[in-house]
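Reviewing the structure listed below.
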Amino acid sequence: MQPATQTPVIAAIALGSNLGDREVHLSTAISYMGVLPTTRVIATSSIFETAPVGPQDQGHFLNMAVALNTALPPRDLLQALLAIETAQGRVRAQRWGPRTLDLDILLYGDTIVIEPGLSIPHPHLAQRRFVLEPLAEILPHAIIPSLGITVSQALSLLPPDPAR
């Protein structure tokens, strides 16, 4: 990791788990995020249980969102999150398959990043209720810079959840 030399921003991270002790994977990830250099956990959402996206022959996910105050550059933050996933036993065997832990950068202040392997805001953010609901709990007024609307507004544009 490069030393952080930038002004801290609020970054939003999505967390998901559908293998093993899902709650432990989520809480352990939050603990790891809290000790990253120049980073503090400033808010955590409730935990939501949701059906999987993609292959349906897997268990339900526990999903939540975390807000970080961080001076880590986006690429360094991504590398740190990937290391946390690996430490929790994440194996990338199947796209959208079962996993012990999935960590995605949803927002990084008002920054837009489009690079190989890193897109911020997350490219599917506005289409995923399982991401927007927990994010709206902790950062309802955060602007999705690629859309110019708030997280709450993006959530209100989704069709109702038929499971509720």
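Listed by Cβ neighbour count within 10 Å, with the fewest neighbours leading, Glu115, Glu85 appear as Glu115, Glu85. Neighbour counts of other Cβ atoms within 10 Å put Leu62, Leu135, Leu77 in the fewest-to-most order Leu62, Leu77, Leu135.
Between Val35 and Arg75, the simple spin-label model (points 7 angstrom out along Cα→Cβ) gives 2.7 nm. May I ask you to derive the FRET efficiency for Ser146 and Asp21 from their Cβ-Cβ distance with R0 = 35 Å, giving the value to the nearest 0.05? So, using R0 = 35 Å, E works out to roughly 0.50.
For the chain, set up a Gaussian network in which alpha carbons nearer than 10 Å are linked by springs, and say which option among Gly117, Gly109, Gly34 fluctuates the most. In this elastic network of the chain, the residue with the biggest mean-square fluctuation among Gly117, Gly109, Gly34 is Gly117. Going from the fewest other Cβ atoms within 10 Å to the most, the residues Val66, Val24, Val9 appear in the order Val24, Val9, Val66. Two tests apply to each whole DSSP H helix in the chain, Cα reach of 15 Å or more along its axis and mean Kyte-Doolittle hydropathy of at least -1.0, and the ones passing both are 22-34, 74-87.
None of the figures in this text is laboratory data; all of them are computed from the coordinates on show. The structure displayed is predicted, hence computed values, not measured ones. With ideal geometry, Cβ positions are generated from the backbone for all residues, glycine too; neighbour counts draw on all protein chains shown.
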